Ligand SMILES: NC(=O)c1ccc[n+]([C@@H]2O[C@H](COP(=O)([O-])OP(=O)(O)OC[C@H]3O[C@@H](n4cnc5c(N)ncnc54)[C@H](O)[C@@H]3O)[C@@H](O)[C@H]2O)c1
Ligand SMILES: O=C/C=C/C=C(\O)C(=O)O
């Protein structure tokens, strides 16, 4: 593995403006998924650290943060975005060390988008207006917004900085204070983000960070704490159910971005080269560890063989390996546990009658690190677990279809409803099919093209609520309607 001049960091909590260890000094090791070597240690927080962080956040609600004008808050948020860009190289290396993703990816997507999340929401604040309603000559109603209060932000390990800033920026823009709980597998960029917030002028106690695990650890403590007013959670659907039960005890407001098993529907009239170019990304980018990945590919029968031939050939060309090598297209999966989970599904696919057209194995010469060849599976039916369950790795199934009705019925037959892609040059079919797909986000002739003003989130068991633009402010603020008798 190539050496980098940016060195990994040990990770402390960030509470009330200071980096601190756990009260009991507990730590856990941070492992590099590409080498299986120790990167450093991470303070392991629990209920005690969460309480310190929540009390600091609660106090900060009525401190300098509350007195800041919108323009002052905007200036601080813009500065956070600027400092992320200033430290882009460092953040990109740390993100790739933590996740195993190629540095060209963290450097071109994760980190720039993290900065943009802050720049976008610092601009977006200026567009927020509140409603007023005139009741004849009887009364005048007007709504005012105020922060929800202390928000818990709980995030997964696949796009650590992108997803934490996707929550943090609007939460701060709306005047809240927060406690961040990053995934235990990817602690480093969240730690730098806390430092950047401090350096940008975010007052002490407004942004807090507690590292730790989920169950019986910092994560669970955050969802149970009575002084936490809301939780924005991104992660597995199963975890979402557990958090909902825990948050119910204190009736916390919840925003959920959960799992998916997203269809990629390719009609025979589409431009196959264009389809393949994007489908390579929607199938395998970030090692397939993106909630929006199109892991269920459906191809209209007349194009099925031609698609498979090109798709398999292109997939075989993908370089798997060192995240710091510019040639690498697919890095390491996040952990040994996740590696076993993903390879377990590949074994299951064969048991379920599937055929592995390419991939499915550890690449030659990569004895260390959680590396897996990108994998294409055919021959499975809709009732197979590999077609129904989220795998969250570089593994896709390809299934032919004959009619619109048939493919729509198949793709909607799932408890997920996050995203989908549809490929066709028939405009009416594009609108017709997209409108019948049970998903929060449908891309037509593209994938992962994002306008942050749009509603982002899933339906069914892929999420609750939407974030993005005004939708974020609806979650991160409370409205009061004031009625004045005339
Ligand atoms: N919809 C989206 O926008 C989106 C985006 C990224 C990832 N995801 C989903 O996230 C999953 C992969 O991420 P993951 O493995 O980190 O998910 P996960 O649910 O295992 O963990 C996510 C976070 O929740 C914490 N957590 C776990 N159990 C908890 C508990 N009982 N109480 C409080 N916190 C708890 C973890 O420590 C981590 O910080 C996939 O299912 C993927 O689809 C969804
Ligand atoms: O893995 C999931 C990716 C989520 C992406 C976003 O939340 C976004 O683009 O705002």
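Quick check for you: which residues of the range 397-414 have the amide N under 14 Å from the point 7 Å beyond the Cα of residue 268 toward its beta carbon? Residues passing the 14 Å test: 400-404. Over the residues of the chain, the helix contribution to mean residue ellipticity at 222 nm works out to -11500 deg cm²/dmol, using -39500 (n - 2.57) for each DSSP H run of at least 4.
Sort 5, 316 by Cβ crowding within 10 Å, fewest neighbours at the top.
Final ranking by Cβ density, sparse to dense: 5, 316.
In plain terms, the residue of 401, 307 with the fewest other Cβ atoms within 10 Å comes first and the most crowded comes last, giving 401, 307.
Counting beta carbons within 10 Å around each of 384, 293, 11, 483 and listing the fewest first gives the order 483, 384, 11, 293. If a paramagnetic tag sat 7 Å from the Cα of residue 383 along the Cα-Cβ line, which residues of the range 407-423 would have the backbone N under 20 Å from that point? Flagged as within label range: 407-416. A full extension of the chain between residue 412 and residue 368 corresponds to an added length of 11.9 nm, given 0.36 nm per residue minus the alpha carbon distance.
The percentage of C-alpha pairs in the range 94-185 whose separation is greater than 23 Å is 41%. Extent of the range 263-444 along its three principal axes (Cα atoms, max minus min coordinate, largest first): 50, 31, 29 Å. Note on the chain: antiparallel DSSP beta bridges, both residues inside, total approximately 45 percent of the bridges counted. Remark: the residue 47-residue 326 segment gains 96.2 nm on full extension, using 0.36 nm per residue and subtracting the alpha carbon distance.
Along its three principal directions, the equivalent ellipsoid of the range 1-135 from the Cα gyration tensor extends over semi-axes of 34, 24, 12 Å, largest first.
Ranked by the mean number of other Cβ atoms within 10 Å of their residues, highest first, the peptides 421-428, 340-347, 223-230, 191-198 fall in the order 191-198, 223-230, 421-428, 340-347. Peptide packing for 128-139, 372-383 was compared via the average number of neighbouring C-beta atoms within 10 Å per residue; ordered from the highest value, the list is 372-383, 128-139. For the pair residue 62 and residue 336, a Förster radius of 41 Å applied to the C-beta separation gives a FRET efficiency near 0.35, rounded to the nearest 0.05. Within the P(r) computed for the chain, what percentage of the Cα pairs occupies the region above 29 Å? Roughly 50 percent, once rounded to a whole number.
The stretch between residue 140 and residue 483, if pulled fully straight at 0.36 nm per residue, gains 122.9 nm over its current Cα-Cα span.
Throughout, read-outs are computed from the coordinates displayed, never taken from laboratory work. Here the structure is a predicted model, which is why all the values come from computation and not from measurement. Note: ideal-geometry Cβ built from the backbone for every residue, glycine included; neighbour counts use all protein chains shown.
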